[in-house]
Amino acid sequence: MDPWLIWLIVAGVLAVAEIFTLTAALGLLSAAALVTAGSAAAGLPLPLQFFVFTIVSTVTVLFVRPVALRHMIRPQVERFGVDALVGKAAYVVSEVTGLGGRVRIGGEEWTARAYDETLVIPPGKTVDVMEISGATAIVYPRD
């Protein structure tokens, strides 16, 4: 079997293993094996093939992998669903206490409770949504 074909098989096996691990390391080693397969097809002797594989894999793992990981592990920029309501202003529709009440958030009416259970927030006040617990907005009055 030709050496370039062996390197190509190694590259394929590493690529498949990367799909299951998602570490970015095996994918880069697969790329190094692919480059080495090209150098083997060009007629490079076996010791130089191992040298090419070592150099390419070292460079990619040390320099490309950190950049790839930074792009893969980005914090979520936007909040969606009920998480997007936290921090928004709400209008008190019916008196809000530590036990219950109603607020309007962005055109929708929600059940609400006061963040501080001792507070009584009258209708007409503007409050901030501190958190969402199930279908209930936990609110605190704006001053």
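Annotations for the structure displayed:
- Only listed residue being surrounded by fewer than 18 Cβ atoms within 10 Å (Cβ to Cβ), hydrophobic (A, V, I, L, M, F, W, C) and at pLDDT 90 or above, chosen from 22, 62, 29: 62
- Pairs with Cβ under 8 Å, 6+ apart, first in the range 118-143 and in contact (Cβ under 8 Å) with a residue 12 or more places away in the chain and of a type in the set (S, T, N, Q), second open to solvent by 60 Å² or more (accessible area, probe 1.4 Å) and outside any strand (DSSP E or B): 126/142
- Residues in the range 42-58 that are assigned to a helix (DSSP H, G or I) and open to solvent by less than 70 Å² (accessible area, probe 1.4 Å): 49, 52, 53, 56, 57, 58.
- Residues in the range 79-98 that are within 15 Å of residue 134 (Cβ to Cβ) and either at pLDDT 95 or above or of a type in the set (A, V, I, L, M) (or both): 82, 85, 86.
- In the range 101-117, the residues that are surrounded by fewer than 18 Cβ atoms within 10 Å (Cβ to Cβ) and touching a residue at least 24 places away in the same chain (Cβ under 8 Å): 111, 116
- Options 67, 96: the member that is more than 30 Å from residue 4 (Cβ to Cβ) and either open to solvent by 60 Å² or more (accessible area, probe 1.4 Å) or not aromatic (Phe, Trp, Tyr) (or both): 96
The values are calculated or read from the model by the stated rules, or taken from the named source; none is laboratory data. On a predicted model such as this, the values are computed, not experimentally measured, just so you know. Cβ sites come from the backbone with ideal geometry, for glycine too, and all protein chains shown count toward neighbours. With ligands, DNA and RNA removed, areas are computed over all heavy atoms of the protein, side chains included. Shrake-Rupley method; radii C 1.70, N 1.55, O 1.52, S 1.80 Å.
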